[in-house]
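Taking it in order: structure first as structure tokens, then the write-up.
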Amino acid sequence: MNFLSSIFFSLIPLISIPLIIHLLNKRNIITIDFSSIRFLKALESESIRRLQFLQILLMILRTLIILLIILMMTRPVIGGLFSYWDTDDETLISAIIIDDSFSMNGKNDNVDRHDVILSTFNEILDNISENSQIYIATLSKGELYNGIKAKLPELDKLFKITFTSPEIGTTLKEMESEFSNQDGIKELYYITDGQQSHLMSATPFRPFLSDWSIFVLIVPPIEENLSISAVNIKNAILLPNSPLTINVTILNNGKVNIENRLIQLFVNNISVAQQLITLKGDSEGTYEFVTAVPLTGNYACHLKLEDDDREKDNNFYFKISIPEKLKIGTIASNNKNIYMSHLFESINFKNTIITNTKYLPNNIQGAIADGNHILIQNGYHLLSTTGMDLLEFAGNGGHLIIFPDEMDTSTSELDIFESQYFNVKQKRLSDENYQIASVNEASAQREIFSEAYSENPIKIFQFFNLPQNENSILVTDDGFSIYSRHYEGNGIIDIFSIAPTLTWSNFPIRGYFIPFFHQLFYNQFNNTNGLYFHINDEWEIPLYGKQGRGNLQYISPSTLNYGIDTYNSHINYQRVPGIHKIKSSDNSEIEFIAMNIQEIEFNDKYVNEFGFKQFLSPNASTILIGESDLKETINKSRVGAELWRLILYLITLLLIIEMVISSNAVRKTSN
């Protein structure tokens with residue numbers, strides 16, 4: 001309990017007044033003359049004791065009344081975080097953190113959330129004196145201002161909501177280094193919508209935040225909003241003038257049901273398909289578009305929803321790539337595998353034109369510089385020479401396929417891709433013995449195998465005992481991985497523990513051998529990694545883009561352009577959704593990517609009051625913006641609830657009791 005006017009405790013000696021009056025009255029003896037003692041018999045001892053008790057009770061009541069009046073004057077409060085009115089302005093430190101992640105975009109009751117944030121910010125400032133220290137930060141930029149409130153610039157010139165998904169931990173780390181050794185009363189205001197993902201990083205800073213009084217000001221949730229969270233191309237192989245099936249995942253992350261909302265598909269800014277969708281509140285649905293493109297090449301595509309309470313997530317961008325020539329490089333010390341040669345000859349028909357170039361292990365840089373989409377490495381032992389270059393190739397968006405060969409005795413070189421694969425030995429089965437390689441039903445990539453495979457799986461005669469893990473797609477009877485898929489950066493790494501020869505398995509003579517690799521080769525162009533990126537993903541400069549192109553230019557969706565530092569492996573792109581391009585000095589387009597908002601901004605959990613106390617501090621108080629007077633709520637949280645009204649009611653009750661008892665005592669005295 002705190003007291004806002006503790007100076008009135010100096011009046012406490014006044015409670016002795018009833019006692020003093022009581023004692024003085026006992027000395028006030030009145031002499032009454034009477035002629036007979038018969039009148040004394042009327043005064044029974046019990047009546048005298050009752051009268052004395054009433055007098056003592058009245059004294060106690062009057063003492064309590066004076067004490068309560070003094071207590072009421074001190075303005076006691078309970079539930080307060082600190083005694084703000086007793087705090088010197090210069091010892092008060094107020095920090096304001098603004099969640100500027102994408103989910104803060106939108107409207108509430110046709111009022112832009114940006115305006116709601118500014119209004120809330122100004123109301124907080126009204127509760128802070130001019131001489132107090134104030135610290136202002138956002139999740140994406142960190143510190144915006146640190147100094148005296150009187151010198152604070154206008155926030156709207158410093159702050160805007162971004163398309164990113166920053167966490168609060170980085171900002172709290174800056175605050176810790178700034179204020180951990182600074183004394184004073186500390187209060188923190190956090191304006192947010194309560195997304196859990198941003199708060200996860202706050203847990204290590206709970207000891208630091210224990211000294212802070214925390215106010216979490218929550219922006220009301222969006223009522224009506226649809227978001228496109230993902231796009232997937234169903235086709236295993238993409239060909240010109242062939243139907244492309246595009247699956248679109250849409251979230252209704254609002255509170256109301258949405259009916260007959262229009263969604264359109266654009267290819268190179270031309271509307272090619274549309275449909276109406278209906279989706280219940282707080283639910284997810286998948287919708288299908290079927291279209292086609294006339295030629296090989298890259299197509300910039302996007303989906304557009306009708307406007308709602310959050311318009312900036314109504315567009316989703318992706319890229320359809322149908323290469324004119326699928327360039328595959330084979331790296332081996334001996335390129336005489338007849339089955340792979342027949343494989344390339346069989347696939348290379350009609351529109352699916354494939355070029356296959358063979359490279360020696362010492363020419364790995366040449367294989368990458370030639371712009372191959374896929375590199376096939378035959379022989380684990382060669383990875384000691386080529387491994388790091390191939391890892392970089394995959395990270396830059398390439399597709400790497402690795403087979404063992406007859407010269408391999410262990411898998412030690414595979415540990416750069418998967419640490420579990422270090423020093424695994426080969427297993428050879430005796431004559432007429434084999435194991436069956438079955439599809440791992442838990443794998444997300446199991447659909448790469450046709451029904452024909454499940455009906456007639458391959459027989460394995462020798463293989464490396466690679467341990468099964470979450471990346472395994474084909475596994476043996478006793479749980480070893482035959483084929484697994486790994487992701488490195490923006491690329492794919494497929495690792496086989498068998499070579500594509502009859503010595504290792506009967507895979508090369510199965511009818512699904514050629515269709516499987518046909519799908520595997522083209523799988524690079526319809527996987528999510530190639531379709532689109534998310535904001536804050538790393539975009540690496542393609543190696544073929546650096547060679548003989550002169551100065552490279554980056555072009556943002558907002559037509560912002562600047563030169564690219566080719567000595568840096570990554571492009572510093574603008575963090576906005578849309579189509580981002582790289583052009584050469586002669587203005588020819590080298591590459592473009594589709595960039596979208598991170599899915600966590602649409603599909604995250606929201607924290608309640610208990611969650612804020614768990615992630616930040618038990619001192620955290622939550623306030624829903626718009627439901628109450630913010631200034632009054634903050635003040636009440638600061639200093640607690642004043643008790644003077646309750647004390648006044650108690651004083652009134654005691655006065656009534658005192659008057660009743662006093663009247664009774666006077667009547668008895670008269671008698």
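Below is a table of values for the structure above.
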item	result
Candidate set from the range 324-334 (those that are closer than 15 Å to Phe403 by Cα and open to solvent by 40 Å² or more (accessible area, probe 1.4 Å)); member that is modelled with the lowest pLDDT	Asn334
Filtered residue count, the range 603-624, keeping only those that are of a type outside the set (Val, Ile, Thr) and under 15 Å from Thr192 (Cα atoms)	13
Any hit, the range 230-248, residues being closer than 25 Å to Val111 by Cα and either outside any loop (DSSP other than H, G, I, E, B) or modelled with pLDDT of 90 or more (or both)	no
Qualifying position, being surrounded by 18 or more Cβ atoms within 10 Å (Cβ to Cβ), modelled with pLDDT of 85 or more and not aromatic (Phe, Trp, Tyr), among Ile448, Ile509, Ile482, Ile436	Ile482
So Asn260, is it under 31 Å from the mean Cα position of the chain (by Cα) and not hydroxyl-bearing (Ser, Thr, Tyr)	yes
The range 581-625, residues that are more than 27 Å from Asn536 (Cβ to Cβ), of a type in the set (Asp, Glu) and not in a loop (DSSP other than H, G, I, E, B)	Glu609
Matching entry among Ile97, Ile48 (being modelled with pLDDT of 85 or more and not in a loop (DSSP other than H, G, I, E, B))	Ile97
Gln547, sole failed condition from (1) at pLDDT below 80; (2) crowded, with 18+ Cβ neighbours inside 10 Å	(2)
Inter-residue pairs, beta-carbon under 8 Å, first in contact (Cβ under 8 Å) with a residue 40 or more places away in the chain and in the range 585-603, second assigned to a helix (DSSP H, G or I) and among the small types (Gly, Ala, Ser), 6+ apart	Ile590/Gly545; Glu591/Gly545; Ile600/Ser197; Glu601/Ser103; Phe602/Ser103
Scan of the range 485-506 for residues that are on the phi < 0 side of the Ramachandran plot, open to solvent by 30 Å² or more (accessible area, probe 1.4 Å) and within 40 Å of the chain's Cα centre (by Cα), ordered by number	Tyr487, Glu488, Asn490
Ser410, sole failed condition from (1) open to solvent by less than 30 Å² (accessible area, probe 1.4 Å); (2) over 39 Å from the mean Cα position of the chain (by Cα); (3) within 14 Å of Ser333 (Cα to Cα)	(3)
Matching residues in the range 102-139 - criterion: being of a type in the set (Asp, Glu) and surrounded by 21 or more Cβ atoms within 10 Å (Cβ to Cβ)	none
Hits in the range 206-227 (condition: touching a helix residue (DSSP H, G or I) at 6+ places or on another chain (Cβ under 7 Å) and either within 16 Å of Val607 (Cβ to Cβ) or surrounded by 22 or more Cβ atoms within 10 Å (Cβ to Cβ) (or both))	Phe215, Val216, Leu217, Val219, Ser227
Pair list, Cβ < 8 Å and 6+ apart or interchain, from the range 260-288 residues that are part of a strand (DSSP E or B) to residues that are acidic (Asp, Glu)	Arg261/Glu306; Arg261/Asp308; Leu262/Glu306; Ile263/Glu306; Thr278/Glu259
Number of the condition not met by Glu174 [criteria: (1) touching a residue at least 24 places away in the same chain (Cβ under 8 Å); (2) assigned to a strand (DSSP E or B)]	(2)
Among the residues listed as Thr352, Thr296, Thr357, the single one being in contact with a Pro (Cβ under 7 Å, 6 or more places away or on another chain), at pLDDT below 90 and β-branched (Val, Ile, Thr)	Thr296
Val256, sole failed condition from (1) open to solvent by 50 Å² or more (accessible area, probe 1.4 Å); (2) within 23 Å of Lys107 (Cα to Cα); (3) of a type in the set (A, V, I, L, M); (4) assigned to a strand (DSSP E or B)	(4)
Output for the range 273-296, where each listed residue is over 18 Å from Ala230 (Cα atoms) and either touching an Asp or Glu at 6+ places or on another chain (Cβ under 8 Å) or surrounded by 15 or more Cβ atoms within 10 Å (Cβ to Cβ) (or both)	Val293, Thr296
Count - residues of the range 181-205 that are assigned to a loop (DSSP other than H, G, I, E, B) and touching a helix residue (DSSP H, G or I) at 6+ places or on another chain (Cβ under 8 Å)	4
Filter result (modelled with pLDDT of 90 or more and part of a strand (DSSP E or B)) within the range 487-506	Ile493, Asp494, Ile495, Phe496, Ser505
Qualifying positions in the range 405-424 - in contact with a strand residue (DSSP E or B) (Cβ under 6 Å, 6 or more places away or on another chain) and under 24 Å from Asn506 (Cβ atoms)	Asp405, Thr411, Val424
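The values are calculated or read from the model by the stated rules, or taken from the named source; none is laboratory data. Please read all numbers here as calculations on a predicted model, not as lab measurements. Cβ atoms come from the backbone with ideal geometry, glycine included; neighbour counts cover every protein chain shown. Heavy atoms of the whole protein, side chains included, go into the accessibility calculation; ligands, DNA and RNA do not. Shrake-Rupley method; radii C 1.70, N 1.55, O 1.52, S 1.80 Å.
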